[in-house]
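The values are calculated or read from the model by the stated rules, or taken from the named source; none is laboratory data. The model shown is predicted, which means the values in this text are computed figures rather than measured ones. Using ideal geometry, Cβ is built from the backbone for each residue, glycine included, and neighbour counts are taken over all protein chains shown.
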Amino acid sequence: MDSVFKQLLTLFVAAVIALPAWSQGMPFGNRTIRKPETLLIIHAGALLAVPGEAPLAEQSIVVRNGRIEAVVDGYIGAEGVEPGRAIPEIIDLSDKFVLPGLMDSHVHLNRATGAYQEDPIANAAPDTGPATLNTMVNIRLTLNAGFTAVRDLGSDSESVYTVRDAIEKGTMLGPTILASGPSIGVTSSHGSARPGAAVCDGVDGCRRLTRRLEKAGADLIKIKVSGGFSSNTGYGQHMTRDEMAAIVTAAHMRGIIVTAHAYAPESVIDAVNAGVDCIEHGHLTDEAGLKLMRKNGVFLVPTVTVAEPPSFVQRFLGDRDPVSVTVRDEYQSFENAYRLGVKVAFGTDAGVYPHGENADEFITMVKLGMTPADAIRAATVVAAELFALEGLTGTIEAGSKADIIAVTDNPLNDIGALKDVDFVLKSGQIAKRNGVMQVPLDYGLEHRY
């Protein structure tokens, strides 16, 4: 009997030891995801491989396992590439204009489109559940519009971080997300009255809050150094230069950048002198501020569409002309920044106006004097520099991530062509083909075990 008992005990212990490994293969256990090897050969009728340079005709883009392996003259077949363990797929875009995936430097993914109201308290982000659902819907709208990377500035950390991390792990397909989490403001500043706002006062308090946000998972820090139109807090400066400098020093020590929501000329100058890396909006920035930005290599994300008539903000102002329209047209900071050679990165403030309509910003930028070539460059090469992703995205070159889109007409001749994206490839996975979005998972469930 003792012998039988010992045998049963041994089997029981062995089963318990094996249980964690066994559960890996069960539907409700932790599952290991095995990615199949992939090989795509894209035939591009016209290819803008490096925005700012001339497009090339009849090119083949070889994409292996999510990375661009080569760009070859002419159309090559599967026999021209060593397949390895992959099954080659030819993607015929020979009648399309192909260019890098676009990048939006200023979005609010957890906001349902049109959520802004005249009451600033009503502009609070939704609870975590609805906010996460909004984020998942909005990343799909964003991909559909051809935007394969975004910076989310000012959403709650839980919803956007959850989706960001799921995309990064390959659980779902979506644009690369760099997220700031809650944006930092001082007491009574733009957005400070909203539940969950990140509020600090004084050098020590702002330094401490910055460290906490970085520890919680922020990819960058957003600060609100002046008032804002949507919160009815005006456009004067709210945060002191010493508070800004404390935030910048703490963030840079942790290896992340700081971007500043700023309107008033003095707030821009103080922010730049405090060491910020980027100015958001900057609608009232004067020439002195712009020249200082150029000298210090500070980016401008102008978000001009939300401030141009007919302003999206006007939908909750009735017949009143938004202040943003008046001051934007008076100062013309975007036009002057472009003329002076400030680094302008594309950004929309999507969430204030409809997600998925991001390309409207191209039309506004060109209307205000930017060339189509430079507008595209602002959303690719320049944005990639701002995102610190140079060499990884923003161009179609060997070694880059395979973030690629295609449109029917040449956007260098008509920037409006970017409003109708036919094909989207995100990290080598087809998100949109023939104008139709594909399933949101990165690959089929048959590859999970």
Quick check on my filter: what residues within the range 262-316 are modelled with pLDDT under 95, within 23 Å of the chain's Cα centre (by Cα) and part of a helix (DSSP H, G or I)? T305, V306, A307, F312, V313
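Residues are listed down the side, and each one gets a yes or a no for (1) of a type in the set (K, R); (2) touching a Ser or Thr at 6+ places or on another chain (Cβ under 9 Å); (3) not assigned by TED's automatic domain parsing to the domain that holds G255:
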{"residue": "V352", "(1), (2), (3)": "no, yes, no"}
{"residue": "H355", "(1), (2), (3)": "no, yes, no"}
{"residue": "K367", "(1), (2), (3)": "yes, no, no"}
{"residue": "T371", "(1), (2), (3)": "no, no, no"}
{"residue": "I376", "(1), (2), (3)": "no, no, no"}
{"residue": "T380", "(1), (2), (3)": "no, yes, no"}
One residue is enough: does the range 37-52 have a residue meeting the conditions surrounded by fewer than 18 Cβ atoms within 10 Å (Cβ to Cβ), modelled with pLDDT under 95 and not hydrophobic (A, V, I, L, M, F, W, C)? yes
Among A245, A262, the single one that is crowded, with 24+ Cβ neighbours inside 10 Å, in the same structural domain as T132 (by TED's automatic domain parsing), of a type in the set (G, A, S) and under 26 Å from S333 (Cα atoms) is A262
Would the range 413-431 turn up any residue that is touching a residue at least 40 places away in the same chain (Cβ under 8 Å) and either assigned by TED's automatic domain parsing to the domain that holds I279 or closer than 16 Å to P302 by Cβ (or both)? yes
When the residues of the range 101-130 are narrowed to those that are of a type outside the set (G, A, S), assigned to a helix (DSSP H, G or I) and at pLDDT 60 or above, which ends up surrounded by the most Cβ atoms within 10 Å (Cβ to Cβ)? T128
Within the range 366-398, count every residue that is touching a Pro at 6+ places or on another chain (Cβ under 8 Å), in a helix (DSSP H, G or I) and either of a type in the set (K, R) or surrounded by 24 or more Cβ atoms within 10 Å (Cβ to Cβ) (or both). 2
Counting only residues that are farther than 20 Å from R151 by Cα and either among the aliphatic types (A, V, I, L, M) or in contact (Cβ under 8 Å) with a residue 60 or more places away in the chain (or both), the range 251-271 contains a total of 4
